[in-house]
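The values are calculated or read from the model by the stated rules, or taken from the named source; none is laboratory data. It should be emphasised that the depicted structure is a prediction, and the values quoted were computed from it without experimental measurement. Neighbour counts run over all protein chains shown; Cβ positions are idealised from the backbone, glycine included. Ligands, DNA and RNA are excluded from the accessible area calculation, which covers all protein heavy atoms including side chains. Shrake-Rupley method; radii C 1.70, N 1.55, O 1.52, S 1.80 Å.
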There are 2 protein chains.
Amino acid sequence: MDFLTVLGLVAGTLTTIAFLPQMYKTWQSKSAKDVSFVMLITFMSGLFLWFIYGIYLQALPIILSNGVCLFFNMIILWLKIKYR
Amino acid sequence: MDFLTVLGLVAGTLTTIAFLPQMYKTWQSKSAKDVSFVMLITFMSGLFLWFIYGIYLQALPIILSNGVCLFFNMIILWLKIKYR
C-alpha cells in the first residue's frame, strides 16, 4: 500500500470517527437541538456524491470514509428526529 | 473541466456549505453544547490530512473543499468556546 493511500486512509479514519463522539453525545444527552438539520441533509448529500467520486477515481480511502461517514450521519439524523 | 472534477466540486461544495447552517445556528442560538468538542478536533485533524492528500493527488475538489471546510469548522470551534 503506497504512502498516498495510507495518508488518505488516516485522513478518512479521522473525519469518519469524528462523528462517533457526536453520536455518543446525542445518545447520552438525548438532545441534538444545537445540531443543524439543514447541515445534516446537505452534508449527507455531499457525502453520497463524494462516494460516487471515489468510485470513479478508484480511490479506496474516499469510498470507505464517505460510505461509513454517511452511515454515521444517518444515525445522528435518526437520533435528532427521535429526540426532538 | 471533466465530469469527475465537476462531480467532485459539487460534492465538495455540498459537504462544505453544510457547515454554514451550523455556523448560523450556533451564532443565533449562542449555544453549541450539543456539538461535540472531540468531534470538532478529530474532524479538523482529518480535514487537514485530506487537504495534504488532495495536494499529492493534485485533485482540486479535495484541496478546495477540505481547505474551506477546515476554515468553517475553526469558526464553529471558536463560537463553541466563546458561548460555553
Within the accessible area of region A:3-82 (1.4 Å probe), percent carbon and sulfur
77
With θ set to phi - 60° and the Karplus curve 6.51 cos²θ - 1.76 cosθ + 1.60, what are the ³J(HN,Hα) couplings of region A:55-64 in order, to the nearest whole Hz, using x for Gly and Pro?
5, 4, 7, 6, 9, 3, x, 5, 4, 4
Net charge near A:Ser29 (other residues with Cβ under 11 Å of its Cβ; Lys, Arg +1; Asp, Glu -1) is +2
Give me a comma-separated list of calculated 3J(HN,Hα) values for region A:65-73, in order, Karplus coefficients 6.51, -1.76, 1.60 applied at θ = phi - 60°, integers in Hz, x for any Gly or Pro.
5, 6, x, 5, 4, 4, 4, 4, 5
Chain A: calculated mean residue ellipticity at 222 nm from DSSP helix runs of at least 4, using -39500 (n - 2.57):
-28000 deg cm²/dmol
With every protein chain present, what accessible area does B:Tyr56 have (1.4 Å probe, heavy atoms only), rounded to the nearest 10 Å²?
130
Note on region B:1-32: residues buried by at least 40 Å² of accessible area once partner chains are added (vs chain on its own, 1.4 Å probe) come out as B:Leu4, B:Leu7, B:Ala11, B:Leu14, B:Thr15, B:Ala18, B:Pro21, B:Gln22, B:Lys25
Overall dimensions of chain A as given by Cα atoms, namely Rg and Dmax in Å:
14.0, 45
List the distances, in nm to one decimal, from the label point of A:Phe48 to the label points of the same position in every other copy, shortest first, placing each label point 7 Å from Cα along the Cα-to-Cβ direction.
3.3
Shielding by partners for A:65-72, please: the mean number of other protein chain Cβ atoms within 10 Å of each residue's Cβ.
1
Check the axis relating chain A to chain B and name the residue of A whose C-beta is nearest, distance in whole Å.
A:Asp34, 2
The protein assembly as shown - accessible surface per residue (Å², probe 1.4 Å):
51
Diffing region B:37-48: the Karplus 3J(HN,Hα) column from phi (6.51, -1.76, 1.60, θ = phi - 60°), in whole Hz with x for Gly and Pro, holds 5, 4, 4, 4, 5, 4, 4, 5, 4, x, 4, 4
Å³ per residue of the Cα convex hull, for the protein assembly as shown?
94
Chains A and B: accessible area buried, summed over both chains, 1.4 Å probe, nearest 100 Å², reads 3400
Show me the ranking of peptides B:71-77, A:34-40 by mean Cβ neighbours inside 10 Å, starting with the highest.
A:34-40, B:71-77
